[in-house]
1. Among the numbered conditions (1) touching a helix residue (DSSP H, G or I) at 6+ places or on another chain (Cβ under 8 Å); (2) outside the structural domain of Asp387 (by TED's automatic domain parsing), tell me where Thr314 comes up short.
2. Consider segment 26-44. How many of its residues are more than 20 Å from Leu85 (Cβ to Cβ) and assigned to a loop (DSSP other than H, G, I, E, B)?
3. Against the conditions (1) touching a strand residue (DSSP E or B) at 6+ places or on another chain (Cβ under 9 Å); (2) in a helix (DSSP H, G or I); (3) over 21 Å from His377 (Cα atoms), where does Gly340 fall short? Just the number, please.
4. Could you tell me whether any residue of segment 401-410 is modelled with pLDDT of 95 or more, in a helix (DSSP H, G or I) and more than 22 Å from the chain's Cα centre (by Cα)?
5. Could you pull out the residue among Leu85, Leu97 that is surrounded by 22 or more Cβ atoms within 10 Å (Cβ to Cβ) and outside the structural domain of Tyr333 (by TED's automatic domain parsing)?
6. Among the listed residues Arg370, Arg402, Arg378, identify the single one that is over 25 Å from Gly216 (Cα atoms) and surrounded by 16 or more Cβ atoms within 10 Å (Cβ to Cβ).
7. What strands (runs of 3 or more DSSP E) completely inside segment 214-325 contain at least 1 residues that are acidic (Asp, Glu) and out of contact with any Ser or Thr (no Cβ under 6 Å at 6 or more places or on another chain)?
8. Has segment 225-242 got any residue that is over 26 Å from Asp319 (Cβ atoms) and either not aliphatic (A, V, I, L, M) or not assigned by TED's automatic domain parsing to the domain that holds Gly368 (or both)?
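The values are calculated or read from the model by the stated rules, or taken from the named source; none is laboratory data. Keep in mind it's a predicted model, so treat the numbers as computed, not measured. We place every Cβ from the backbone using ideal geometry, glycine too, and count neighbours over all the protein chains shown.
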Amino acid sequence: MASVLIIGSGAREFIFAKTFANSVDHVFVAPGNAGMREAGFETVDLTEIPDLITFAQSQQIDLTFVGSEALLTEGIVDAFQAEGLAIFGPTKAAAQLEGSKAFTKSLLHKYDIPTAASVTVTSHDEAVQILQNHAYPVVVKLDGLALGKGVSIYEHPETALAGIDIIYQQDEHAPLVIEEFMQGPEFSIFSFVGKEQVVHAPIAQDHKRLLDGDRGPNTGGMGAYSPVRWIGDDVVQTAIKSLVEPVLTAMQTEGTPFEGILYTGVMLTAAGPKVIEYNVRFGDPEAQVVLPQLTSDLYQNIMALIAGKPTSMTWQDADADVYLGVTLAAPGYPLNPEKGLSLPSLPNDVQIDYAGVKQQANQLVSNGGRVLTAVIHRPTMVAAQTDLYAALDQTHTDLVYRHDIGHQAVAAELAEE
């Protein structure tokens, strides 16, 4: 009678709840969302670490899984472990890989792990000096957690200087990472890291920009697909050997060993794979297209990793279906999303993972920026894209979504014909 507590409230936590439910008796989600309750999961309105510990103890939770990053950087894993509770995720010290971009860039440069050249500044004058002499485009990253939205790309010095003026008006000592602009296709590697073993999931490709053609502001993610067949396994293995394994070794050397899920954002540059960023949890919306490919027992896999026992995570065959997920967001996202909008009705073969929703007048309505992820799987990306967008476009929904998720995979398939 195993029970799992999942911490988080988005579409990522929804698909984890569905996946754990395949092999355990009881799944709780804290705080969860109304869509999860409608699907039959028990949500608990708890967000503070002491309250979550008390709940895990009272319910005799066998495993706590942390979906979102905020509590990881606050030290929830340290607190649970101090109480002898099984939890999967990095300690507060290890979570700096996502919690501080300055920490991560310093680590990467120290251990010669391929990434963009960068400098960290902590004042307006420093930033101005760097930006006046920097090549453009230039990338500016807020140091702390930014939920996928803390990165700005500036084409010209004037817009860059205007951007940092705003930042330093709000915080005169704000740490910023200013780095070179890299070019190339991106993909994401997800590594389940245990005490003695690391296992990798199929790679995915996320689409961060709000608008078609990779335009507009960065968001938490407007869609994703997996597997990414047009990126060869040799490239993936090179990225694992040069970007994933070295950072885990570096963290061990620094006295902050990493356990949990390591997300490595990779850019395939002309000089080879380079790190864009690390996250310390699974991506959203990538989780929604990767986890349905799992063919082994997620609960048993993770419990073995925690215990330092050998385990084998198995996934669908490499030539099986491709999963395509499109995020539906509220108008105004990411700055000022509208609330209370009705949700579209989609065909039964479309997997729906709810995020920013609430119950109103006996129906689900929007209650946040990213409202849901709609996922379909088909033998090819062309078929997946055609069928999912046909279903979405017929709904005439007020929610907004990109119309080109998976465009690189579609182009690769068409080029092979």
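1. (1)
2. 4
3. With (1) touching a strand residue (DSSP E or B) at 6+ places or on another chain (Cβ under 9 Å); (2) in a helix (DSSP H, G or I); (3) over 21 Å from His377 (Cα atoms) applied to Gly340, the lone miss is (2).
4. Here is the first cut: in segment 401-410, the ones modelled with pLDDT of 95 or more are 401-410.
Checking the rest, the ones that are also in a helix (DSSP H, G or I) come to 407-410.
When the remaining residues are screened for being more than 22 Å from the chain's Cα centre (by Cα), the result is 410.
Within segment 401-410, one or more residues are modelled with pLDDT of 95 or more, in a helix (DSSP H, G or I) and more than 22 Å from the chain's Cα centre (by Cα).
5. Details: Leu85 fails: surrounded by 22 or more Cβ atoms within 10 Å (Cβ to Cβ).
None of the others qualify; the one that does is Leu97.
6. Working: Arg370 fails: over 25 Å from Gly216 (Cα atoms); Arg402 fails: over 25 Å from Gly216 (Cα atoms).
Matching residue, one of Arg370, Arg402, Arg378: Arg378.
7. On the way: elements: 215-218, 223-226, 260-269, 272-279.
So the answer is 272-279.
8. Quick first cut of segment 225-242, residues over 26 Å from Asp319 (Cβ atoms) only: 242.
From what is left, the residues that are either not aliphatic (A, V, I, L, M) or not assigned by TED's automatic domain parsing to the domain that holds Gly368 (or both) are 242.
Yes - at least one qualifying residue is present in segment 225-242.
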